[in-house]
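A.B. asks: Take a look at this one; I'll ask things after.
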Amino acid sequence: MRCRNCREKAVIHMPAHKLALCGSCYISWFEGYTERTIQKFNMLKPGEQILVAVSGGKDSLALWQVLTRLGVNTTALYIHLGIAQKEYSDTSLAKARAFEERLNSSLIVIDVAKELGMSVPETKRLMSRKVCATCGLIKRYYMNKTAADGEFDAIATGHNLDDETASLLGNTMEWRLSYLKRQHPVLAERPPGLKKKVKPFCYFTEKETATYAFLTGIDYIMTECPYALHASSIEYKNVLNALEENGAGRKRRFYDHLLKAQGHLAFPEEAELNRCRICNQPTTLSVCSFCNISKKIREIKDKKPSAISRQHSAVAEV
Amino acid sequence: MKIQLHNRVKELEIDSIKARVLLKELGISPGAALVIKNDVLVCEDEILTAEDSIRIIKTISGG
Ligand code: SF4
Ligand SMILES: [Zn+2]
Ligand SMILES: [Zn+2]
């Protein structure tokens with residue numbers, strides 16, 4: 001197979017794009033496509049300061065690099081979750097640190113165990129919810145807080161088309177309307193204090209971001225988070241890849257049609273946001289879920305028995 | 001033919017195979033893997049032989 005641009009030997013064939021490219025043409029295509037996606041959805045304005053959430057994985061490091069190459073003002077944020085199994089957190093932090101140096105950019109590191117008094121896996125003892133649910137909540141909290149404290153204009157995440165369609169499939173299977181309403185490549189800022197969120201890689205498949213990472217020599221963590229191994233998202237991704245194999249472009253259409261349908265479907269009203277009484281971050285409650293968790297942790301640390309009886313109190317989103 | 005799959009090495013009793021067919025044999029979707037032949041990324045129509053050094057990177061991640 002030959003490159004459509006220069007007739008060199010192709011390294012990737014993308015049936016959904018009806019396109020085969022050689023290594024160097026692919027790199028320019030990938031960066032240009034990111035720029036076009038940013039423009040299509042009006043994600044960023046010139047001069048905005050962007051906080052890129054990085055995990056040490058291929059997508060987020062690639063995003064950090066592409067945005068930097070496109071001349072976007074970026075700072076990255078790494079949240080150390082304290083996952084010791086397979087040295088997951090330490091290794092991924094080392095990858096992010098090395099990449100900071102390579103890009104000559106800057107990285108903010110938040111250590112959850114230091115901030116909260118407990119690592120993410122340890123929170124399992126006090127929550128009735130799964131580790132991933134608590135982890136997601138903690139990550140979203142620190143992303144927004146760091147962006148607000150540092151006066152960033154937006155948070156960029158490395159979610160790709162496979163991530164987006166896997167969560168779309170999951171949300172559709174359960175008809176989670178409020179999630180379907182909010183799933184979009186760009187979520188505008190919401191007062192008071194919920195920062196804009198953008199996903200410039202939403203149109204790239206996982207294979208495409210991995211190809212970019214490989215071709216530009218990005219050293220990323222290949223080990224999975226140990227908690228991800230049984231994630232239903234992997235099951236959904238496999239199903240979607242099987243569909244894609246029999247019909248190129250299906251993942252992209254699934255996602256695009258959601259974005260079109262959003263304007264026509266009747267969704268439940270979103271709850272108003274206000275500021276958390278304790279930490280001042282936006283929430284739909286009077287005390288946010290994060291502050292609830294951190295209160296429980298303090299109670300456990302102080303060995304107050306009351307914490308046990310509250311173990312199963314409901315913790316709502318955001 | 002030796003194939004490196006993450007930190008494991010798999011041995012198959014074949015002399016040459018198309019990358020697409022190899023992925024199928026291994027139960028991996030072509031949309032979820034990169035095939036690297038002698039340190040170079042190749043398309044699914046590439047012929048791989050027992051003399052080549054072959055590496056497969058799975059691209060699916062969870063979480
Ligand atoms: S898999 Fe779960 S625990 Fe691991 S980083 Fe993702 S959300 Fe957190
Ligand atoms: Zn080319
Ligand atoms: Zn709070």
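A.B. asks: Just want to confirm a number: the relative contact order over region A:55-114, from Cα pairs under 8 angstrom separated by 6+ residues, in percent.
C.D. replies: Reported as a whole number, the value is 42 percent.
A.B. asks: Ok, one more. Which residue, A:Ser106, A:Ser92, A:Ser55, has the most motion in a Gaussian network model of chain A that connects Cα atoms within less than 10 Å?
C.D. replies: A:Ser106
A.B. asks: If you don't mind, another one. Could you sort out which of A:Lys9/A:Lys45; A:Lys130/B:Lys24; A:Lys124/A:Lys199; A:Lys114/A:Lys199 sit more than 31 Å apart by Cα distance in this structure?
C.D. replies: A:Lys9/A:Lys45; A:Lys130/B:Lys24
A.B. asks: Now for a different question. Using a 1.4 angstrom probe and counting only protein chains, how large is the accessible area of A:Ser105 in Å², to 10?
C.D. replies: 30
A.B. asks: Relative contact order for chain A: what percent, with Cα pairs under 8 Å and sequence separation of 6 or more?
C.D. replies: Computed value for chain A: 19 percent relative contact order.
A.B. asks: Treating the beta-carbon of each Lys and Arg as +1 and of each Asp and Glu as -1, no other charges, what is the dipole magnitude of region A:136-293 about its Cα centre, to the nearest 20 debye?
C.D. replies: On the way: 20 positive and 19 negative charges, 86 e Å.
Dipole size: approximately 420 debye.
A.B. asks: Along each of the three principal axes of the Cα atoms of region A:10-168, give the extent in whole Å, ordering the values from largest to smallest.
C.D. replies: Sorted largest first, the three principal extents are 50, 34, 31 Å.
A.B. asks: List the pairs from A:Lys145/A:Lys295; A:Lys18/A:Lys95; A:Lys86/B:Lys58; A:Lys95/A:Lys296 whose alpha-carbon separation is above 27 Å, in the order I gave them.
C.D. replies: Pairs exceeding the cut-off: A:Lys18/A:Lys95; A:Lys95/A:Lys296.
A.B. asks: DSSP beta bridges in region A:5-159, what fraction antiparallel, as a percent rounded to 5? Please list the in-between numbers first.
C.D. replies: Details: 3 of 17 bridges.
Antiparallel bridges make up about 20 percent of those DSSP assigns within region A:5-159.
A.B. asks: Would you give the gap between the C-alpha center of region A:180-196 and the C-alpha center of region A:1-27, rounded to a whole Å?
C.D. replies: Answer, in whole Å: 35.
A.B. asks: Once you have a ≥ b ≥ c as the square roots of the Cα gyration tensor eigenvalues for region B:2-58, tell me rounded if a/c is under 1.5, and otherwise prolate or oblate according to whether a/b is larger than b/c.
C.D. replies: In terms of gyration-tensor shape, rounded.
A.B. asks: While we're looking at this one, here's another question. Could you give the angle, 0 to 90 degrees to the nearest 10, between helix A:23-40's Cα long axis and the longest principal axis of the Cα atoms of chain A?
C.D. replies: Taking the Cα atoms of chain A, the angle to A:23-40 is about 60 degrees.
A.B. asks: Could you give the nm distance between label points at B:Asn7 and A:Glu115, where each point is 7 Å from its Cα heading toward the beta carbon?
C.D. replies: Modelled inter-label distance: 2.9 nm.
A.B. asks: Hey, another quick one. At R0 = 22 Å, how high is the FRET efficiency between A:Lys124 and A:Arg97 if r is their beta carbon distance? Nearest 0.05 is fine. Please report the intermediate quantities before stating the final value.
C.D. replies: On the way: r = 27 Å, r/R0 = 1.24.
Result of the calculation: an efficiency of 0.20.
A.B. asks: Now a separate question. Viscosity 1.002 mPa s, temperature 20 °C: Stokes-Einstein D of region A:34-271 from its Kirkwood Cα radius, in µm² per second?
C.D. replies: Roughly 115 µm²/s, to the nearest whole number.
A.B. asks: Set Lys and Arg Cβ to +1 and Asp and Glu Cβ to -1, take the dipole of chain A about its Cα centre, and tell me which of A:Ser28, A:Pro121, A:Leu285 lies farthest positive.
C.D. replies: Looking along the dipole axis, the top candidate is A:Leu285.
A.B. asks: While we're here: What residue among A:Thr209, A:Ala228, A:Gly193 has its Cα farthest toward the positive end of the dipole of region A:173-307, where the charges are +1 on Lys, Arg and -1 on Asp, Glu, each on the Cβ?
C.D. replies: The residue sitting farthest along the positive end of the dipole is A:Gly193.
A.B. asks: OK, next. Put a dot 7 Å past each Cα toward the Cβ at A:Cys6 and B:Asp39; how far apart are the dots in nm?
C.D. replies: 1.9
A.B. asks: Sticking with this structure for a sec: Which whole-number percent gives the relative contact order of region B:2-58, counting Cα pairs below 8 Å spaced six or more residues apart?
C.D. replies: Relative CO of region B:2-58 lands at 45 percent.
A.B. asks: Can you pull the one-decimal nm distance between simple spin-label points at A:Leu265 and A:Met222, each 7 Å off the Cα toward Cβ?
C.D. replies: 3.8
A.B. asks: Still on this structure, please answer the following. If the only charges are +1 at each Lys and Arg Cβ and -1 at each Asp and Glu Cβ, what is the size of the charge dipole of chain A around the Cα centre, to the nearest 20 debye? Intermediate values should be presented prior to the final figure.
C.D. replies: Details: 46 positive and 34 negative charges, 89 e Å.
Roughly 420 debye, rounded to the nearest 20.
A.B. asks: Roughly how many whole Å is it from the C-alpha centroid of region A:101-142 to that of region A:147-168?
C.D. replies: 16
A.B. asks: Keeping all protein chains in the complex and leaving out DNA, RNA and ligands, what accessible area do you get for A:His184 with a 1.4 Å probe, in Å² to the nearest 10?
C.D. replies: Result for A:His184: roughly 50 Å² accessible.
A.B. asks: Out of all DSSP beta bridges in the protein assembly as shown, what portion is antiparallel? Express it as a percent rounded to 5.
C.D. replies: Antiparallel bridges make up about 55 percent of those DSSP assigns within the protein assembly as shown.
A.B. asks: Find, among the trypsin sites (Lys or Arg not before Pro) in region A:1-93, those assigned to loop by DSSP (not H, G, I, E, B) with at most 16 other beta-carbon atoms within 10 angstrom.
C.D. replies: A:Arg4, A:Arg7, A:Lys18
A.B. asks: Moving on. Determine the order of B:His6, A:His80 by accessible area, beginning with the largest, at a probe radius of 1.4 Å.
C.D. replies: These residues rank, largest area first, as B:His6, A:His80.
The values are calculated or read from the model by the stated rules, or taken from the named source; none is laboratory data. Since we're looking at a predicted model, the values are computed, not measured. Cβ: placed from backbone, ideal geometry, glycine included. Neighbour counts: every protein chain shown. Side chains included, ligands, DNA and RNA excluded: accessible areas come from the protein's heavy atoms. Shrake-Rupley method; radii C 1.70, N 1.55, O 1.52, S 1.80 Å.
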